[in-house]
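Following: one structure in C-alpha cells, then a few remarks.
The values are calculated or read from the model by the stated rules, or taken from the named source; none is laboratory data. Just so you know, these numbers come straight off a predicted model, no measurement behind them. No Cβ is skipped: glycine too gets one built from the backbone with ideal geometry, and neighbour counts run over all protein chains shown. When the accessible area is computed, the model is the full protein with side chains, heavy atoms only, and any ligands, DNA or RNA have been set aside. Shrake-Rupley method; radii C 1.70, N 1.55, O 1.52, S 1.80 Å.
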Amino acid sequence: MYRKDDEEAVVLLWNDVFKKPEPRNEPHFVIAKKLAIQADLFFVAEEGRAIVGTAMGGYDGHRGWLYTVAVRSDVRRRGVGSALVRRVESALAGLGCPKINLQVLVANAAVVSFYERLGYAVEERVSMGKSLAGS
C-alpha cells in the first residue's frame, strides 16, 4: 500500500517509465488526485526499502480500471508487475467489481503480451477521451 513518504520514489519511477507525460499525468498531480479518491487502491512494490513498482485501481460501481502499472527496468521479468496486477485485481474483486478494463498506448504495444499472459484480452472497443478544462 502506498505511504505518503513514498511520493518522491514513485515520482522518480514514473518519470523513468512514463516518458514525457501530458500535464494532466504529471506524477505529483496524479498522486494527489489518487490519494483524494480511493487511496486504498494505490499499491507499491518494494525490494528492500526501494520502490520498484506501482499499480493503481479504480472502481465506479460498474467497472474497475487498472492504471499506472510501472516496474523499474532492472527488476522486470521477476514477477513484480504480475504481483501488482494481481493485488489490484484482488482489491477490486473484494469490492464486488465484476470486470476490469485497462488501456495501453499504441506506442507501447509490446506490453499487450504481458497483460495477455495475465488473462486480459484485446476487446473490440473504441477508446475515446476528452480533456476537460483545467485537467
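Structure values in brief
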item	result
Relative contact order [Cα under 8 Å, 6+ residues apart], the chain, whole percent	20 percent
Modelled FRET efficiency - R0 22 Å, Gln38 with Leu118, Cβ distances, 0.05 increments	0.55
Within the chain: Cβ-based charge dipole about Cα centre, in debye rounded to nearest 20 (Lys, Arg +1; Asp, Glu -1)	180 debye
Residue-normalised accessible area of the chain, expressed per residue, 1.4 Å probe, Å²	65 Å²
222 nm mean residue ellipticity, helices alone, for the chain (DSSP H n ≥ 4; -39,500 (n - 2.57); rounded to 500)	-9500 deg cm²/dmol
Contour minus Cα-Cα distance for Leu102 and Ser73 (0.36 nm per residue)	8.3 nm
Three-way shape call for the chain based on the alpha-carbon gyration tensor, with the a/c threshold at 1.5	rounded
Area accessible to solvent at Lys34, 1.4 Å probe radius, in Å²	20 Å²
